[in-house]
1. Search the stretch 372-400 for residues being over 15 Å from S411 (Cα atoms) and in contact with a strand residue (DSSP E or B) (Cβ under 9 Å, 6 or more places away or on another chain), and hand back the single one that is surrounded by the fewest Cβ atoms within 10 Å (Cβ to Cβ).
2. Is one or more of the residues making up the stretch 278-291 surrounded by fewer than 21 Cβ atoms within 10 Å (Cβ to Cβ), out of contact with any strand residue (DSSP E or B) (no Cβ under 7 Å at 6 or more places or on another chain) and either over 21 Å from A349 (Cα atoms) or without any contact (Cβ under 8 Å) to a residue 12 or more places away in the chain (or both)?
3. Filter the stretch 318-369 down to residues that are within 24 Å of Q173 (Cβ to Cβ) and polar (S, T, N, Q), then give me how many there are.
4. Which is closer than 30 Å to A321 by Cβ and either surrounded by fewer than 20 Cβ atoms within 10 Å (Cβ to Cβ) or not hydroxyl-bearing (S, T, Y) (or both), of V359, V407, V418, V457?
5. Return yes or no: is M328 in contact (Cβ under 8 Å) with a residue 60 or more places away in the chain and touching a strand residue (DSSP E or B) at 6+ places or on another chain (Cβ under 9 Å)?
6. Look at I188 and say whether it is over 17 Å from W111 (Cα atoms), of a type in the set (V, I, T) and surrounded by fewer than 19 Cβ atoms within 10 Å (Cβ to Cβ).
7. How about the stretch 200-219: which of its residues are part of a helix (DSSP H, G or I) and without any contact (Cβ under 8 Å) to a residue 60 or more places away in the chain?
Amino acid sequence: MRYVVLSALALMTVVTPGIARAQAEFGSRGNIVLAGGTDIVRILPPEASPTPPPAPETKPEPKIALPSPPPAPPPTPPTVEKRPEAPAQQGRFVTVQAKRGFTQTDQSRPWIGINADSVDRPLAISFGLRDAGGIMVLEAYPGSPAAQAGIRPGDIIVNMNGIAVGDTATFRQRLLAVATGNEATFEIWRYLPEGADFITTLRSLAEQGNASVTYRLGHMYNRGSGVPRDEAEAARWFRLAANAGNTAAMAELALMLLDGRGVERNTAEGLSLLKTAADSGSPSALWQYGQVMQAGKYVTRDFAAAAQVYQRAADAGYAPAMVSLAIMHANGMGMPRNYQQAARLYEKAAVQNNSAALVNLGVLYQYGNGVEKNDAKAYDLYRRAADLNHPTGMHNMAVLLDKGQGVRRDSEQAADLVMRAMRLKYEFSYKQMTTNSGTYSREFRAGIQRRLKDAGVYNGPLDGEFGQTTQAAITAYYNMKH
């Protein structure tokens, strides 16, 4: 066994036959991409980096107290956002039944054919509900089980098979429990009257000064959810909501200003808006501000200050901040290395089904860092992340299946998982198959070849030898539109 000690910004890399830990890179706002190695990989913290990471740094800069951001106030001084009042009662609860299907490219992934987002209390109130919870349908794809059941944009799914739906993550978990082809019963709050257009209704509410809905429109345009993606339009709605005091909109607009997405780049205004949102106590803004301080791209890097704001957001129950703070503990960034504290934070975030926490906690169990070594526990955590459609969970799960480590050996299922990860454009899996395939079993490699042949990109022998023909087929498959 060979131990390689990396720089202060990196993890210790442990190389064994077929297993390795990975190097840590800083992203543009402190995202740490833990990738590389032989076949097991840790992942980036919470999935919220709109820009690709710059080249990794080789040594830390001195910890210097972070100065206040340049004094560039937002265009209109933010005011306390007025909480929307519940509109006159016009909604109603309806119950529908829809079959649980699967995607065309992945029969293990549950699907009913909707694009949805979680519902916070201000949005719930705007749509006639008193309490947060549930998911709002942004799209119901034509011909899908949801569309056939009459589910439509603007519906809020609050209950599934008699169990409350808290957010999109719990909805996915509930759907996984339903066998493919079986029907599930959905309780829906339907605010929009028959024939009303969802986007037109959102715009009308926004134009009436509803800052929560205004922010939601910006969010939809920023991600292309329910509307064509349009960053300039997203920035316009975010600015309107930010001027009305919506802290989430301030943070989103700040990131767009820092990156120059949809608006002209303005670092001073972006930092000022982000600090204002963080000072308000918004957990998501605190986390994003922590990323800025950790990365040191726009301000002097300060690990200690980043950890403090992460802690505030984590104390408020914000899972992405728990993951970022856990990675700092695990890597000894601005603090002594403490795997036990990292494990505790990952555990809390995993309860919220945060897929990054599930994978990173799985790595701790696999290597016995901060917890008792338990390959079966690691496998289960990777499986849960894979169920949430996280490609790193799929890949790490595949490695254990191929080795029979913590689970009964199944190289065929392992091959399925790596193919799924490559369909999701997971570069680490692609590079493993093209540059490090010898670490995997011959049965696994033959299984990959068989699946490439079924996909129509390979016509060579199923011998488990990854020569130029197989590698070209893997590249063709990876680049296919799935």
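1. Within the stretch 372-400, the first condition is being over 15 Å from S411 (Cα atoms), and the residues that meet it are 372-378, 380-393.
From what is left, the residues that are in contact with a strand residue (DSSP E or B) (Cβ under 9 Å, 6 or more places away or on another chain) are 386-387, 389, 392.
Numbers: A386: 25, D387: 21, N389: 17, T392: 29.
In this case the residue turns out to be N389.
2. Yes: the stretch 278-291 contains one or more residues that are surrounded by fewer than 21 Cβ atoms within 10 Å (Cβ to Cβ), out of contact with any strand residue (DSSP E or B) (no Cβ under 7 Å at 6 or more places or on another chain) and either over 21 Å from A349 (Cα atoms) or without any contact (Cβ under 8 Å) to a residue 12 or more places away in the chain (or both).
3. The qualifying residues number 7.
4. On the way: V407 fails: closer than 30 Å to A321 by Cβ; V418 fails: closer than 30 Å to A321 by Cβ; V457 fails: closer than 30 Å to A321 by Cβ.
None of the others qualify; the one that does is V359.
5. Numbers: in contact (Cβ under 8 Å) with a residue 60 or more places away in the chain: no; touching a strand residue (DSSP E or B) at 6+ places or on another chain (Cβ under 9 Å): yes.
For M328, the condition - in contact (Cβ under 8 Å) with a residue 60 or more places away in the chain and touching a strand residue (DSSP E or B) at 6+ places or on another chain (Cβ under 9 Å) - is not met.
6. Working: over 17 Å from W111 (Cα atoms): yes; of a type in the set (V, I, T): yes; surrounded by fewer than 19 Cβ atoms within 10 Å (Cβ to Cβ): no.
Judged against the criteria, I188 is not a match.
7. Just the residues of the stretch 200-219 that are part of a helix (DSSP H, G or I), to begin with: 200-207, 211-219.
Of everything in the stretch 200-219, those that are part of a helix (DSSP H, G or I) and without any contact (Cβ under 8 Å) to a residue 60 or more places away in the chain turn out to be T200, T201, L202, R203, S204, A206, E207, T214, Y215, L217, G218.
Yes/no matrix, rows are residues, columns are (1) in a loop (DSSP other than H, G, I, E, B); (2) not hydrophobic (A, V, I, L, M, F, W, C):
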position	(1), (2)
G245	yes, yes
A249	no, no
A268	no, no
L274	no, no
G281	yes, yes
S284	no, yes
G290	no, yes
K297	yes, yes
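The values are calculated or read from the model by the stated rules, or taken from the named source; none is laboratory data. Keep in mind that this is a model prediction, so the values were computed, not measured. Every residue, glycine among them, receives a Cβ derived from its backbone with ideal geometry; neighbour counts consider all protein chains shown.
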